[in-house]
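The values are calculated or read from the model by the stated rules, or taken from the named source; none is laboratory data. Since the model is a prediction, treat every value here as computed from it, not as a measurement. Methodologically, a virtual Cβ is constructed for each residue, glycine included, from the backbone with ideal geometry; neighbour enumeration extends over all protein chains shown. We work out accessible area using only protein heavy atoms, side chains counted, and drop any ligands, DNA or RNA first. Shrake-Rupley method; radii C 1.70, N 1.55, O 1.52, S 1.80 Å.
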Amino acid sequence: MKYLILFSILFFYSCSREEKRSDLIDKVQFDAKALEIDSNNLSKAKAILKTVHGNIIIQFYPRSAPITVTRIITLIRDGYYNGLTFHRVFKNFIVQTGDPTATGKGGSGLKLKAEFNNIPHIEGTVAMARLPSDENSADSQFYISLATSEHLDHKYTVFGQVTSGIEIVKKIQQGDKIISLTLIE
(Lines give C-alpha, C1' and ligand atoms only; values in the text may rest on other atoms or scores of the structure.)
Protein backbone atom coordinates (compact mmCIF):
# COMPACT_ATOMS: atom_id res chain seq x y z
CA MET A 1 0.00 0.00 0.00
CA LYS A 2 2.86 2.41 0.83
CA TYR A 3 4.38 1.81 -2.59
CA LEU A 4 1.05 2.41 -4.32
CA ILE A 5 0.67 5.76 -2.53
CA LEU A 6 4.24 6.80 -3.31
CA PHE A 7 3.80 5.73 -6.94
CA SER A 8 0.60 7.79 -7.12
CA ILE A 9 2.44 10.80 -5.75
CA LEU A 10 5.30 10.36 -8.21
CA PHE A 11 2.89 9.91 -11.12
CA PHE A 12 0.89 12.97 -10.04
CA TYR A 13 3.98 15.14 -9.90
CA SER A 14 5.43 13.87 -13.15
CA CYS A 15 2.18 14.57 -14.95
CA SER A 16 1.43 17.92 -13.34
CA ARG A 17 4.64 19.90 -13.65
CA GLU A 18 8.09 19.99 -15.16
CA GLU A 19 10.64 19.98 -12.36
CA LYS A 20 14.21 19.03 -11.72
CA ARG A 21 14.51 15.51 -10.38
CA SER A 22 16.05 16.68 -7.07
CA ASP A 23 13.10 19.06 -6.44
CA LEU A 24 10.68 16.23 -7.13
CA ILE A 25 12.47 13.87 -4.73
CA ASP A 26 12.49 16.50 -1.96
CA LYS A 27 8.73 17.03 -2.30
CA VAL A 28 7.95 13.33 -2.38
CA GLN A 29 10.04 12.74 0.73
CA PHE A 30 8.22 15.52 2.57
CA ASP A 31 4.87 14.28 1.34
CA ALA A 32 5.68 10.73 2.44
CA LYS A 33 6.21 12.08 5.97
CA ALA A 34 2.91 13.94 5.74
CA LEU A 35 1.23 10.64 4.86
CA GLU A 36 2.13 9.22 8.29
CA ILE A 37 -0.98 9.09 10.44
CA ASP A 38 -1.88 9.14 14.11
CA SER A 39 -4.46 7.01 15.94
CA ASN A 40 -7.31 9.18 14.56
CA ASN A 41 -6.27 8.56 10.92
CA LEU A 42 -5.06 12.17 10.74
CA SER A 43 -1.62 13.16 9.46
CA LYS A 44 1.18 13.80 11.88
CA ALA A 45 1.94 16.88 9.77
CA LYS A 46 -0.15 19.93 10.65
CA ALA A 47 -0.96 23.16 8.85
CA ILE A 48 -1.20 26.46 10.69
CA LEU A 49 -3.64 28.87 9.07
CA LYS A 50 -2.97 32.32 10.54
CA THR A 51 -5.77 34.91 10.41
CA VAL A 52 -6.34 38.30 12.02
CA HIS A 53 -8.61 36.48 14.49
CA GLY A 54 -6.01 33.88 15.53
CA ASN A 55 -4.57 30.56 14.41
CA ILE A 56 -6.33 27.47 13.07
CA ILE A 57 -4.63 24.06 13.09
CA ILE A 58 -5.56 21.62 10.32
CA GLN A 59 -4.53 17.99 10.03
CA PHE A 60 -4.97 15.91 6.90
CA TYR A 61 -6.57 12.59 5.91
CA PRO A 62 -3.80 11.20 3.68
CA ARG A 63 -5.26 7.70 3.40
CA SER A 64 -8.67 8.95 2.30
CA ALA A 65 -7.46 11.63 -0.15
CA PRO A 66 -3.75 11.09 -0.92
CA ILE A 67 -3.60 13.04 -4.18
CA THR A 68 -5.54 15.98 -2.74
CA VAL A 69 -3.44 16.06 0.43
CA THR A 70 -0.26 15.98 -1.65
CA ARG A 71 -1.49 18.84 -3.85
CA ILE A 72 -2.59 20.98 -0.90
CA ILE A 73 0.76 20.42 0.83
CA THR A 74 2.56 21.44 -2.35
CA LEU A 75 0.50 24.64 -2.59
CA ILE A 76 1.13 25.40 1.09
CA ARG A 77 4.88 24.83 0.69
CA ASP A 78 4.88 27.14 -2.34
CA GLY A 79 3.19 29.92 -0.30
CA TYR A 80 0.17 29.86 -2.59
CA TYR A 81 -2.42 30.60 0.10
CA ASN A 82 -0.58 33.45 1.83
CA GLY A 83 -2.62 36.64 1.48
CA LEU A 84 -5.64 35.02 -0.17
CA THR A 85 -9.15 36.15 0.75
CA PHE A 86 -11.98 34.21 2.34
CA HIS A 87 -14.29 34.97 -0.58
CA ARG A 88 -17.30 32.94 0.55
CA VAL A 89 -18.66 32.91 4.11
CA PHE A 90 -22.04 31.48 5.02
CA LYS A 91 -22.82 31.64 8.74
CA ASN A 92 -23.42 28.20 10.28
CA PHE A 93 -22.42 26.53 7.00
CA ILE A 94 -18.92 27.15 5.51
CA VAL A 95 -16.01 29.54 5.03
CA GLN A 96 -14.16 29.21 1.71
CA THR A 97 -10.80 30.37 0.35
CA GLY A 98 -8.14 29.40 -2.18
CA ASP A 99 -9.04 31.63 -5.13
CA PRO A 100 -6.38 34.21 -6.07
CA THR A 101 -9.04 36.29 -7.86
CA ALA A 102 -11.34 36.31 -4.77
CA THR A 103 -14.32 35.77 -7.10
CA GLY A 104 -14.86 32.06 -6.56
CA LYS A 105 -13.87 31.38 -10.18
CA GLY A 106 -10.07 31.18 -9.95
CA GLY A 107 -7.53 28.61 -8.90
CA SER A 108 -3.99 27.33 -9.27
CA GLY A 109 -4.63 25.90 -12.73
CA LEU A 110 -4.49 22.19 -11.91
CA LYS A 111 -7.78 20.31 -11.61
CA LEU A 112 -7.86 17.24 -9.38
CA LYS A 113 -9.76 14.02 -9.78
CA ALA A 114 -12.36 13.68 -7.02
CA GLU A 115 -11.44 11.46 -4.08
CA PHE A 116 -14.85 11.09 -2.47
CA ASN A 117 -14.66 9.19 0.82
CA ASN A 118 -16.69 8.22 3.87
CA ILE A 119 -15.54 11.05 6.14
CA PRO A 120 -18.64 13.00 7.21
CA HIS A 121 -19.01 16.76 7.03
CA ILE A 122 -18.99 17.82 10.67
CA GLU A 123 -17.90 21.04 12.33
CA GLY A 124 -14.30 21.68 11.26
CA THR A 125 -14.26 19.37 8.21
CA VAL A 126 -11.94 20.68 5.47
CA ALA A 127 -12.91 19.77 1.89
CA MET A 128 -12.29 20.79 -1.70
CA ALA A 129 -14.66 23.19 -3.41
CA ARG A 130 -15.61 22.34 -6.98
CA LEU A 131 -18.07 23.20 -9.71
CA PRO A 132 -21.47 21.58 -9.08
CA SER A 133 -21.51 20.30 -12.67
CA ASP A 134 -18.03 18.71 -12.65
CA GLU A 135 -16.93 16.44 -9.81
CA ASN A 136 -13.34 16.52 -11.12
CA SER A 137 -13.01 20.32 -11.09
CA ALA A 138 -11.47 20.85 -7.62
CA ASP A 139 -8.30 22.93 -7.86
CA SER A 140 -7.04 25.03 -4.94
CA GLN A 141 -10.23 26.28 -3.33
CA PHE A 142 -11.26 24.63 -0.09
CA TYR A 143 -13.86 25.19 2.56
CA ILE A 144 -14.18 24.57 6.28
CA SER A 145 -17.55 23.35 7.56
CA LEU A 146 -19.09 25.31 10.40
CA ALA A 147 -21.71 22.65 11.15
CA THR A 148 -22.73 19.12 10.25
CA SER A 149 -23.76 19.09 6.58
CA GLU A 150 -24.77 15.57 5.62
CA HIS A 151 -26.01 16.73 2.21
CA LEU A 152 -22.34 17.35 1.23
CA ASP A 153 -21.15 13.86 2.23
CA HIS A 154 -19.78 11.74 -0.66
CA LYS A 155 -20.05 14.71 -3.04
CA TYR A 156 -16.89 16.64 -2.13
CA THR A 157 -13.35 15.49 -1.34
CA VAL A 158 -12.83 15.71 2.40
CA PHE A 159 -9.09 15.99 3.03
CA GLY A 160 -8.67 17.48 6.49
CA GLN A 161 -10.03 18.43 9.88
CA VAL A 162 -9.62 21.50 12.06
CA THR A 163 -8.09 20.09 15.25
CA SER A 164 -7.65 23.42 17.03
CA GLY A 165 -9.15 26.86 16.50
CA ILE A 166 -12.72 26.17 15.38
CA GLU A 167 -13.73 29.25 17.42
CA ILE A 168 -11.38 31.25 15.15
CA VAL A 169 -12.99 29.80 12.00
CA LYS A 170 -16.37 31.02 13.29
CA LYS A 171 -15.02 34.59 13.53
CA ILE A 172 -13.94 34.75 9.86
CA GLN A 173 -15.81 37.32 7.79
CA GLN A 174 -16.10 37.54 4.02
CA GLY A 175 -13.10 39.56 2.79
CA ASP A 176 -10.76 38.51 5.63
CA LYS A 177 -7.36 37.42 4.39
CA ILE A 178 -5.10 34.52 5.24
CA ILE A 179 -1.97 35.96 6.83
CA SER A 180 -0.11 32.72 6.17
CA LEU A 181 -0.68 29.02 5.76
CA THR A 182 2.38 26.97 6.73
CA LEU A 183 3.25 23.38 7.62
CA ILE A 184 4.78 21.85 10.71
CA GLU A 185 6.04 18.29 10.69
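Values for this structure:
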quantity	calculated
Prolate/oblate/rounded call for region 66-128, Cα gyration tensor, a/c under 1.5 rounded	oblate
Length gained when the stretch K171-N136 is fully extended (0.36 nm per residue, less Cα-Cα span)	9.5 nm
Under 22 Å between alpha carbons - lysine pairs in region 50-159 that sit 8 or more apart or on different chains	7
Magnitude of the charge dipole, region 42-147, Cβ model with Lys/Arg +1 and Asp/Glu -1, debye to 20	200
Taking N as its residue count, the alpha carbon Rg of region 33-167 over 2.2 N^0.38 Å	0.95
Relative contact order %, region 50-170, counting alpha carbon pairs below 8 Å whose residues are six or more apart	33
Derived scalar couplings ³J(HN,Hα) [region 137-152; Karplus, 6.51 cos²θ - 1.76 cosθ + 1.60; whole Hz; x for Gly, Pro]	10, 4, 9, 10, 6, 9, 10, 10, 6, 9, 7, 5, 9, 4, 5, 8
Phi-based couplings in Hz for region 78-88 (Karplus 6.51, -1.76, 1.60; Gly and Pro marked x)	7, x, 4, 7, 4, x, 6, 8, 7, 8, 9
Alpha-carbon centroid distance for the pair region 73-113 / region 125-150, whole angstrom	11
For region 86-185: accessible area per residue (Å², 1.4 Å)	49
Amide H within-cut-off set for T163, under 5 Å, with H built and near neighbours excluded	I57, I58, Q59
